[in-house]
Amino acid sequence: MTTNACVESALRDAFVRDWETVLVEDCAGAPTKEEREGAVHNVRRYFGRVLDSAGLGGYWAAPGGA
């Protein structure tokens with residue numbers, strides 16, 4: 001699974017279904033640095049949150065978190 005294809009596609013699909021989307025940035029990769037950075041940018045800018053694995057647990061535990 002790559003950030004710029006499978007992961008981004010799944011996040012886009014979830015977003016249009018009105019689900020909250022979160023990309024765990026340090027748990028996703030892509031064939032090249034540019035492809036990965038482009039996907040992270042798209043998620044952050046247009047349709048989701050971008051967190052690292054350390055911040056994910058706190059996000060879920062916070063009131064109003066997923």
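Readers should treat all values here as calculations from the given coordinates under stated rules, not as data from a laboratory. Computed from a predicted model, the values in this text were never measured in an experiment. Backbone-built Cβ (ideal geometry, glycine too); neighbour counts: all protein chains shown.
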- Message: Run the helix sum for the chain: -39,500 (n - 2.57) per DSSP H stretch of 4+ residues, divided by residue count, reported at 222 nm to the nearest 500 deg cm²/dmol.
- Response: -12000 deg cm²/dmol
- Item | the chain - charge dipole about Cα centre, Lys and Arg +1 at Cβ, Asp and Glu -1, debye rounded to 20 | 120
- Taking only Cα atoms, what is the 0 to 90° angle, nearest 10, from helix 33-42's long axis to the longest principal axis of the chain? 40
- Listed by chain and number, the residues whose amide H is under 5 Å from that of V22, excluding neighbours fewer than 5 places away on the same chain and using placed H, are R49
- Out of A28, L11, L56, whose Cα points farthest toward the positive end of the dipole of the range 3-56 (charges: +1 Lys, Arg; -1 Asp, Glu; placed on Cβ)? L11
- Which of the peptides 8-21, 38-51 is most tightly packed, and how do the rest follow, judged by the mean count of other Cβ atoms within 10 Å per residue? 38-51, 8-21
- Based on the alpha-carbon gyration tensor of the range 3-56 and its eigenvalue square roots a ≥ b ≥ c, which shape applies: rounded if a/c is under 1.5, prolate if not and a/b is larger than b/c, or oblate? oblate
- Item | Net charge over other residues, Cβ less than 15 angstrom from the Cβ of A54 (K, R count +1; D, E count -1) | -2
